[in-house]
Amino acid sequence: MPTISMFYGIIVRMYCGKAEHNPPHIHVYYQDFKAIFSFETGEMTDGDFPPRQRRLVQAWIELRREELTADWALASQGELPFKIEPLR
């Protein structure tokens, strides 16, 4: 699962594979926390994440939704997604 972005100690990854399940989502990690976020809605769909970091991820998703969608298309075809600019 390649890392597509890192910011403020948060690691964002996306699985690659033709059988990757929908809906489109990302896996995020921060210290001992991990969660899954839908990038279509920005909502956390699974896991546990600190509130401040959750808001940072949601802001990043809002800014990078188009790039995340393009990466999902690549990843669902078994190709490696591109890196995406971090939140600054």
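Each reported figure results from applying straightforward, stated rules to the coordinates on display, with no laboratory input. Keep in mind that what you see is a predicted model, and the values were worked out from it rather than measured. Every residue, glycine as well, gets a Cβ built from its backbone with ideal geometry; the counts of neighbours run over all protein chains shown.
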Review point. From the residues in region 72-86 that are in contact with a strand residue (DSSP E or B) (Cβ under 6 Å, 6 or more places away or on another chain) and crowded, with 17+ Cβ neighbours inside 10 Å, which one is farthest from Phe7 (Cα to Cα)?
Key: Pro81
**Study point:** Filtered residues of region 42-63 (kept if more than 14 Å from Arg13 (Cα to Cα) and touching a helix residue (DSSP H, G or I) at 6+ places or on another chain (Cβ under 9 Å))
**Key:** Gly42, Glu43, Met44, Phe49
Check your understanding: Quick one: which strands (runs of 3 or more DSSP E) sit completely within region 1-86 and have at least 1 residues that are in contact (Cβ under 8 Å) with a residue 60 or more places away in the chain and among the aromatic types (Phe, Trp, Tyr)?
Key -> 3-7
Review point. Looking only at region 2-59, which residues are in contact with a Pro (Cβ under 9 Å, 6 or more places away or on another chain), closer than 19 Å to Leu74 by Cβ and buried (at least 19 other Cβ atoms within 10 Å of the Cβ)?
Key: Ile4, Ser5, Val12, Met14, Phe39
Practice item. Take the residues in region 15-74 that are among the aliphatic types (A, V, I, L, M) and more than 11 Å from the chain's Cα centre (by Cα), then tell me which one is nearest to Glu85 (Cα to Cα). Key: Leu63
Check your understanding: Can Ile10 be described as in contact with a strand residue (DSSP E or B) (Cβ under 9 Å, 6 or more places away or on another chain) and under 17 Å from Glu85 (Cα atoms)?
Key -> yes
